[in-house]
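Below is one structure, written out as structure tokens; comments come after it.
The values are calculated or read from the model by the stated rules, or taken from the named source; none is laboratory data. Note that the structure is predicted; figures quoted are calculated from it, not measured. All Cβ positions, even for glycine, are placed from backbone atoms using ideal geometry, and neighbour counts span all protein chains on display.
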Amino acid sequence: EAEESTSGGRSDIVVKTKDKVYVIELKMDRPAREAIEQVKERGYAQKYKDAKIVAISIDSKQKKITEWVEV
């Protein structure tokens, strides 16, 4: 699901599998830690028990993923 609404805003991507839920936040030209902080501060993963938070940083000049963090 893209841009799933929560009371704190919208997460970029939520992937639900049979066993897990991943809340994925993307940042362009910014560190992945900012994405992790945003997900936690705004409560994007709160409604899912044991959700994994994934932060991905993308470099717009290099056009590639430069950092990937999972908590």
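For ASP12, the conditions (1) in contact with a Phe, Trp or Tyr (Cβ under 8 Å, 6 or more places away or on another chain); (2) surrounded by 15 or more Cβ atoms within 10 Å (Cβ to Cβ); (3) without any contact (Cβ under 8 Å) to a residue 24 or more places away in the chain all hold with the exception of (1).
Every residue, every condition in (1) of a type in the set (Asp, Glu); (2) in contact (Cβ under 8 Å) with a residue 24 or more places away in the chain, yes or no:
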{"residue": "GLU4", "(1), (2)": "yes, yes"}
{"residue": "VAL23", "(1), (2)": "no, yes"}
{"residue": "LYS63", "(1), (2)": "no, no"}
{"residue": "THR66", "(1), (2)": "no, no"}
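Listed here are the residues, each with its yes/no results for (1) out of contact with any strand residue (DSSP E or B) (no Cβ under 7 Å at 6 or more places or on another chain); (2) part of a strand (DSSP E or B); (3) modelled with pLDDT of 95 or more; (4) loosely packed, with under 14 Cβ neighbours inside 10 Å.
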residue: SER5; (1), (2), (3), (4): yes, yes, no, yes
residue: TYR22; (1), (2), (3), (4): no, yes, yes, no
residue: LYS27; (1), (2), (3), (4): no, yes, yes, no
residue: GLU34; (1), (2), (3), (4): no, no, yes, yes
residue: GLN46; (1), (2), (3), (4): yes, no, no, no
residue: ASP50; (1), (2), (3), (4): yes, no, no, yes
residue: LYS61; (1), (2), (3), (4): yes, no, yes, yes
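Inside segment 1-30, residues that are of a type in the set (Val, Ile, Thr) and within 9 Å of the chain's Cα centre (by Cα) make up a count of 4. Kindly establish whether ARG33 is among the charged types (D, E, K, R), within 13 Å of the chain's Cα centre (by Cα) and farther than 15 Å from VAL69 by Cα. Judged against the criteria, ARG33 is not a match.
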